[in-house]
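Before any comments, here is the structure.
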Protein chains: 2
Amino acid sequence: MFRALARATAALGPQAAGRVRTMASHQLLVPPPKALLKPLSIPNRLLLGPGPSNLAPRVLAAGGLQMIGHMHKEMFQIMDEIKQGIQYVFQTKNPLTLAISGSGHCALEAALFNLLEPGDSFLVGANGIWGQRAADIGERIGARVHPMIKDPGGHYTLQELEEGLARHKPVLLFLTQGESSSGVLQPLDGYGELCHRYNCLLLVDSVASLGGAPIYMDQQGIDVLYSGSQKVLNSPPGTSLLSFSEKAKYHHTTPVISLFSLRESLALIAEQGLESSWRQHREVTAYLHERLQGLGLQLFVKDPAIRLPTVTTVAAPAGYNWRDIVNYVMDHFDIEITGGLGPSLGKVLRIGLLGCNATRENVDRVIHALQEALKHCPRSKM
Amino acid sequence: MFRALARATAALGPQAAGRVRTMASHQLLVPPPKALLKPLSIPNRLLLGPGPSNLAPRVLAAGGLQMIGHMHKEMFQIMDEIKQGIQYVFQTKNPLTLAISGSGHCALEAALFNLLEPGDSFLVGANGIWGQRAADIGERIGARVHPMIKDPGGHYTLQELEEGLARHKPVLLFLTQGESSSGVLQPLDGYGELCHRYNCLLLVDSVASLGGAPIYMDQQGIDVLYSGSQKVLNSPPGTSLLSFSEKAKYHHTTPVISLFSLRESLALIAEQGLESSWRQHREVTAYLHERLQGLGLQLFVKDPAIRLPTVTTVAAPAGYNWRDIVNYVMDHFDIEITGGLGPSLGKVLRIGLLGCNATRENVDRVIHALQEALKHCPRSKM
């Protein structure tokens, strides 16, 4: 109908048509895209990279539920359950504990925008990509950013931090518990107490570690803690977890279905128990380390005490292009593992065993795939 | 095990325990929340408010799919299909057309942060809540904001805007095509051309109208256009649609499952055809208007030419508390309708017929529910 009218209008000549300011003066010039007329088809993959991980079956089911309104009473109940679930996995009683409608980056941004003012001194543990990003956001806020740069694989001792705190007198310190680009687990005991002695708040990123490695927000004196949904929690990406003590407020259409999924993720970990989840990740990842060393591969993080129990970094095997190995494992076995990220790029392969993906069976699958890759990928002469 | 070690440590006395900086010095003080140990249960509701709307069956199925990596080649294909789908529903050839990981508010923020600098003059059509929010964000950016305030139900003529453009010399004009708080459809023909004559860009919110009312981004000279996923598109909230001509860049873990859903939403509208979708909304909403008037109710927007074909505003029935009616329809029929929002609060009831919810059968259901509500809700003497 519109098209017919448009033709009739056009027949009046360009000048007359130009004066006609009605809907009918337009026509659809962009046709329906052909690619959208084909059915959606998603491959079945085992996601053993540093995340996102596969969805747990119960989380999958939540994603297939019908909508309710974001302001319905059931939704408030679910958001309250999510809050309690986050308080459990964070081990905190902070009332300001909530799910953010956005990825871990959003949670980091929300934290920094609520904690930093232009001109504030901001001390950043930059031993991988997450510290770099925190520093970037801090710069954009106009803070005086002091990155403590370390090579990938490094972590921060209490003594090193005390020097930084004394020298820069920051209002905020950023540390990453699970540095997924290097596979390092940053110790956290004593760090909150140290910061508070210097009137500094402690902000911790636990995206790649939460649920897989112990953390005790209140007992460790962590002032602000955030994490993501798509790692150990096995939820779809798109929501994140955040807890802190300052006032905040928001209102928009929340991602209802993603919140169903997050609620189910938190229910699964509440049922399993945090300590059991930590033990599962520690034991299965130890088994992975043993099998990797059995293949003759070297773990990138030398000190077992600071190896992340969720994401393992393997020194990139000498003589190979790491990309060939990653591609071989994907193409022949439908398993995702990845190379490094940021400062660890080219130096490591990364294998994530996150939540429901942390099983001995998956270790056996990825070890078999790696074995085949090492056999078949091109190798330069040593 | 942790708990047993913690007890042993405590037995050393408080001072010794204080020096022991190991995981074992902590214990879980926050127990698994009881509410999370109960199964998730979601009621079956017909969502006839101004959105979010119910999910189409094919979109529901997409939400139940397993994850793939956000950087896998299939995901790039899906994002490309989404881009083409947005170009289709927006009727634009802009290369910078994309899905945003966040609600319509995020898209508005992304648009304003890319278009406004501190000190810029920003002209805002504020005839409802969305213009107010655009003005708020503009203020926070530090722009000189000039809101053209109108009572709910009003819209802007070309002549009014020309006065504002001449007086304030703005770099940007914000208009809402579908003002869902008042039920007004803002005409758009000629507005882009007018803005460009005054060296001003035109930013349009089509959250509550896209797919239900005609829009032709390129032909109407709209410089920046955004919309949401949870209205006519019948996708879950959490993603939004945005197109503009400036450079932008982002990288984070995209909401993979939500993007599956958005792809399916766009596929449905590509299959149906935009003009058919517009016609469906116009016809079904006209039927709703006829049935509402049959109940003796008054439409809030008097001029049929500017009635939004997606969200209908009904003058709050005299003698009733509008909240009683909304609650009655929800409690007895599991149908969501809502009251007003912002400036229209207390003045209207709002009924949305969005995407797959826009059927004559749903009109009959909500009319029956309203009839019962008017019969049974308390009524003050007139």
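The values are calculated or read from the model by the stated rules, or taken from the named source; none is laboratory data. None of these values were measured; they are calculated from a predicted model. Neighbour counts run over all protein chains shown; Cβ positions are idealised from the backbone, glycine included.
Inspect region A:59-72 for any residue being over 17 Å from B:P43 (Cα atoms) and not small (G, A, S) and give the result as yes or no.
Yes: one or more hits.
Quick check on my filter: what residues within region A:187-211 are on the phi < 0 side of the Ramachandran plot and within 13 Å of chain B (Cβ to nearest Cβ)?
A:P187, A:L188, A:D189, A:Y191, A:G192, A:E193, A:L194, A:V207, A:A208, A:S209
Results for (1) modelled with pLDDT of 90 or more; (2) not aliphatic (A, V, I, L, M), shown as yes or no for each residue.
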residue	(1), (2)
A:F260	no, yes
A:E264	no, yes
A:S277	yes, yes
A:A286	yes, no
A:G294	yes, yes
A:A305	no, no
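In region A:321-357, how many residues are more than 18 Å from the chain's Cα centre (by Cα) and crowded, with 18+ Cβ neighbours inside 10 Å?
The qualifying residues number 10.
Which of (1) surrounded by fewer than 21 Cβ atoms within 10 Å (Cβ to Cβ); (2) outside any loop (DSSP other than H, G, I, E, B) is the odd one out, the single condition B:F260 does not satisfy?
(1)
Give the residue, chosen from A:R323, A:R291, that is charged (D, E, K, R) and either touching a Pro at 6+ places or on another chain (Cβ under 8 Å) or touching a residue at least 40 places away in the same chain (Cβ under 8 Å) (or both).
Sole residue among the options that is charged (D, E, K, R) and either touching a Pro at 6+ places or on another chain (Cβ under 8 Å) or touching a residue at least 40 places away in the same chain (Cβ under 8 Å) (or both): A:R291.
What number of residues within region B:165-211 are out of contact with any Ser or Thr (no Cβ under 7 Å at 6 or more places or on another chain), closer than 25 Å to B:H105 by Cα and among the small types (G, A, S)?
2
Can you find a residue in region B:333-341 that is part of a helix (DSSP H, G or I), in contact with a helix residue (DSSP H, G or I) (Cβ under 8 Å, 6 or more places away or on another chain) and small (G, A, S)?
no
Name the residues in region A:180-197 that are of a type in the set (G, A, S) and within 20 Å of B:S25 (Cα to Cα), would you?
A:G190, A:G192
Using beta carbons and a limit of 6 Å, which pairs, at least six apart or on different chains, have the first residue in region B:252-278 and more than 7 Å from chain A (Cβ to nearest Cβ) and farther than 16 Å from A:L259 by Cα and the second one surrounded by fewer than 24 Cβ atoms within 10 Å (Cβ to Cβ) and of a type in the set (S, T, N, Q)?
Final answer for the pair search is B:I269/B:S277.
State all residues of region B:36-62 that are of a type outside the set (A, V, I, L, M), touching a Leu at 6+ places or on another chain (Cβ under 8 Å) and within 30 Å of B:V314 (Cβ to Cβ); if no residue qualifies, say none.
Within region B:36-62, B:P50, B:G51, B:S53, B:N54 qualify.
Of the numbered conditions (1) closer than 22 Å to A:G211 by Cα; (2) not in a helix (DSSP H, G or I), A:M148 fails exactly one; give the number of that condition.
If we test A:M148 against (1) closer than 22 Å to A:G211 by Cα; (2) not in a helix (DSSP H, G or I), just (1) comes out false.
Going by what's in this entry, would B:S180 be described as out of contact with any Cys (no Cβ under 6 Å at 6 or more places or on another chain), more than 11 Å from every other protein chain (Cβ to nearest Cβ), under 30 Å from A:S240 (Cα atoms) and at pLDDT below 90?
yes
Take the conditions more than 29 Å from B:V204 (Cβ to Cβ) and β-branched (V, I, T) and apply them to B:I82. Does it pass?
Answer is no for this residue.
Which condition does A:G346 not pass, out of (1) modelled with pLDDT of 90 or more; (2) in a helix (DSSP H, G or I); (3) closer than 21 Å to A:A208 by Cβ, if it passes all the others?
Failed condition: (2).
Are there any pairs with C-beta distances below 7 angstrom linking a residue in region B:217-235 that is within 9 Å of chain A (Cβ to nearest Cβ) and closer than 13 Å to B:Y191 by Cβ to a residue that is assigned to a loop (DSSP other than H, G, I, E, B) and among the acidic types (D, E), with the two at least 6 apart or on different chains, and if so which?
Close Cβ pairs (under 7 Å, with a partner that is assigned to a loop (DSSP other than H, G, I, E, B) and among the acidic types (D, E)) amount to B:Q220/B:D189.
Got a number for residues in region B:159-183 being farther than 10 Å from B:A208 by Cβ and within 23 Å of the chain's Cα centre (by Cα)?
The total comes to 5.
Determine, yes or no, whether B:G319 is in contact with a helix residue (DSSP H, G or I) (Cβ under 8 Å, 6 or more places away or on another chain) and either more than 11 Å from chain A (Cβ to nearest Cβ) or aromatic (F, W, Y) (or both).
no
Filtering region A:296-315 down to residues that are of a type in the set (A, V, I, L, M) and more than 14 Å from A:G352 (Cβ to Cβ), which residue is surrounded by the most Cβ atoms within 10 Å (Cβ to Cβ)?
Filtering region A:296-315 for residues that are of a type in the set (A, V, I, L, M) and more than 14 Å from A:G352 (Cβ to Cβ), the one surrounded by the most Cβ atoms within 10 Å (Cβ to Cβ) comes out as A:V301.
Find the helices (runs of 4 or more DSSP H) located wholly in region B:42-137 whose residues include 1 or more that are facing chain A (nearest Cβ under 7 Å), surrounded by fewer than 22 Cβ atoms within 10 Å (Cβ to Cβ) and aromatic (F, W, Y), and list them.
Passing ranges, in order: B:73-90.
Please enumerate the residues belonging to region A:294-312 that are in contact with a helix residue (DSSP H, G or I) (Cβ under 7 Å, 6 or more places away or on another chain) and over 13 Å from A:L370 (Cα atoms).
Those that are in contact with a helix residue (DSSP H, G or I) (Cβ under 7 Å, 6 or more places away or on another chain) and over 13 Å from A:L370 (Cα atoms): A:L299, A:P309, A:T310, A:T312.
(1) buried (at least 19 other Cβ atoms within 10 Å of the Cβ); (2) out of contact with any Ser or Thr (no Cβ under 9 Å at 6 or more places or on another chain): which one isn't true of A:P152, the others all being true?
Unmet for A:P152, out of (1) buried (at least 19 other Cβ atoms within 10 Å of the Cβ); (2) out of contact with any Ser or Thr (no Cβ under 9 Å at 6 or more places or on another chain): (2).
Before we move on, is A:A318 part of a loop (DSSP other than H, G, I, E, B), more than 16 Å from the chain's Cα centre (by Cα) and surrounded by fewer than 17 Cβ atoms within 10 Å (Cβ to Cβ)?
Considered against the rule, which asks whether it is part of a loop (DSSP other than H, G, I, E, B), more than 16 Å from the chain's Cα centre (by Cα) and surrounded by fewer than 17 Cβ atoms within 10 Å (Cβ to Cβ), A:A318 comes out as yes.
Exactly one condition in (1) more than 8 Å from chain B (Cβ to nearest Cβ); (2) surrounded by fewer than 23 Cβ atoms within 10 Å (Cβ to Cβ) is false for A:T285; which is it?
Checking A:T285 against (1) more than 8 Å from chain B (Cβ to nearest Cβ); (2) surrounded by fewer than 23 Cβ atoms within 10 Å (Cβ to Cβ), the one that fails is (2).
Of the conditions (1) in contact with a His (Cβ under 9 Å, 6 or more places away or on another chain); (2) of a type in the set (A, V, I, L, M, F, W, C); (3) in a helix (DSSP H, G or I), B:L202 satisfies every one except a single condition; which number is it?
Condition (3) is where B:L202 drops out.
Within the bounds of region A:110-120, is there any residue that is free of Cβ contacts under 8 Å to residues at least 40 places away in the same chain and under 20 Å from A:S229 (Cα atoms)?
No, region A:110-120 contains no residue that is free of Cβ contacts under 8 Å to residues at least 40 places away in the same chain and under 20 Å from A:S229 (Cα atoms).
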